[in-house]
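Working notes, beginning with the structure itself.
The values are calculated or read from the model by the stated rules, or taken from the named source; none is laboratory data. None of these values were measured; they are calculated from a predicted model. Note that each Cβ is placed from the backbone with ideal geometry, even for glycine, and that neighbours are counted across all protein chains shown.
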Amino acid sequence: DTGVSQDPRHKITKRGQNVTFRCDPISEHNRLYWYRQTLGQGPEFLTYFQNEAQLEKSRLLSDRFSAERPKGSFSTLEIQRTEQGDSAMYLCASSATGGKITPSYEQYFGPGTRLTVT
Amino acid sequence: KQEVTQIPAALSVPEGENLVLNCSFTDSAIYNLQWFRQDPGKGLTSLLLIQSSQREQTSGRLNASLDKSSGRSTLYIAASQPGDSATYLCAVTDPGAGSYQLTFGKGTKLSVIP
């Protein structure tokens, strides 16, 4: 168990460009969450997957944002036509809800991807 | 809508002191409560999780309590060390529509002075 990993750790992009982030959850965790954190604030929920199904999206997730989790493994979060207001830390977390592991909704976070839009 | 408040926003203590961080939430229908630590520019490290049926959890020098009916939790840190300097975040899990998403407070920034 190597924990939740995220790539890249830092991304600087110009306004209007598209960016894609990747998250690899803890193996056998069937739930995967995306959160966004701006300076001085706590993380805010964006969306989550149970296996490959995206089951809920926050109103914070505008049409420019899309997330996928093909085959219920890693997940990607894409932001199209980035804006300066998208600058934030994007955090991924995973949790287990059953199966071979004792059910738990405890969430384990990755190191985050810091996005700066210039 | 669930709201989580953490007081104080910042705290500075000399090394060796015991300290308490406070967290309050507006909706008592929570599934569990987690305390996290966040170092500058880093992700979140889970410290303690308290199920809604529990009153407290302990890990080393950390003790977290939960009073669900009053919407409060405290994180007690004994014999603080400079390495404890970080931002501490409290988050509650709302069953909601099945998402069990976390709602966070803004955190308490702790500085332990050698």
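Residues that are farther than 30 Å from A:HIS10 by Cβ and charged (D, E, K, R) were ranked within segment B:13-64; the one that is nearest to the chain's Cα centre (by Cα) is B:GLU56.
Of all residues being out of contact with any strand residue (DSSP E or B) (no Cβ under 6 Å at 6 or more places or on another chain) and among the polar types (S, T, N, Q) in segment A:6-29, which is nearest to A:LEU55 (Cα to Cα)? Just the residue, please. By that ranking, first place goes to A:SER27.
A quick yes/no check of all residues on (1) polar (S, T, N, Q); (2) in contact with a Leu (Cβ under 8 Å, 6 or more places away or on another chain):
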| position | (1), (2) |
| --- | --- |
| B:ILE50 | no, yes |
| B:ARG55 | no, yes |
| B:ASN63 | yes, yes |
| B:SER69 | yes, no |
| B:THR74 | yes, yes |
| B:GLN81 | yes, no |
| B:ALA86 | no, yes |
| B:TYR100 | no, no |
| B:LEU110 | no, yes |
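So that you can scan it fast, the table gives a plain yes or no per residue for (1) more than 12 Å from every other protein chain (Cβ to nearest Cβ); (2) more than 24 Å from B:THR103 (Cβ to Cβ); (3) without any contact (Cβ under 8 Å) to a residue 24 or more places away in the chain:
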| position | (1), (2), (3) |
| --- | --- |
| A:GLY40 | no, no, yes |
| A:GLU52 | yes, yes, yes |
| A:ARG59 | no, no, yes |
| A:ALA67 | yes, no, no |
| A:GLY110 | no, no, no |
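Of all positions in segment B:21-43, none carries a residue that is assigned to a strand (DSSP E or B) and among the β-branched types (Val, Ile, Thr).
Taking (1) more than 14 Å from chain B (Cβ to nearest Cβ); (2) buried (at least 21 other Cβ atoms within 10 Å of the Cβ) in turn, A:GLU28 satisfies each apart from (2). In the condition set (1) more than 26 Å from B:ARG37 (Cβ to Cβ); (2) within 9 Å of another protein chain (Cβ to nearest Cβ); (3) modelled with pLDDT of 95 or more, A:GLN6 is compliant with all but (1). Taken over segment B:57-112, residues that are in a strand (DSSP E or B) and either more than 14 Å from every other protein chain (Cβ to nearest Cβ) or surrounded by 13 or more Cβ atoms within 10 Å (Cβ to Cβ) (or both) amount to 32.
The listed residues are B:ASN18, B:ASN22, B:ASN32, and the only one of them that is more than 14 Å from chain A (Cβ to nearest Cβ) and closer than 19 Å to A:PRO43 by Cα turns out to be B:ASN22.
May I ask you to list the residues in segment B:18-47 that are surrounded by 13 or more Cβ atoms within 10 Å (Cβ to Cβ), touching a residue at least 12 places away in the same chain (Cβ under 8 Å) and of a type in the set (D, E, K, R)? Result: B:ASP27, B:ARG37. In segment A:96-108, the qualifying residues are those that are more than 9 Å from every other protein chain (Cβ to nearest Cβ) and at pLDDT below 75, and the one that is surrounded by the most Cβ atoms within 10 Å (Cβ to Cβ) is A:ILE101.
Scanning segment A:78-95 for residues that are within 20 Å of B:GLY98 (Cα to Cα), assigned to a strand (DSSP E or B), of a type outside the set (A, V, I, L, M) and within 11 Å of chain B (Cβ to nearest Cβ) turns up at least one hit. Here A:THR47 fits the description: more than 8 Å from chain B (Cβ to nearest Cβ) and either surrounded by fewer than 17 Cβ atoms within 10 Å (Cβ to Cβ) or more than 15 Å from B:GLY43 (Cβ to Cβ) (or both).
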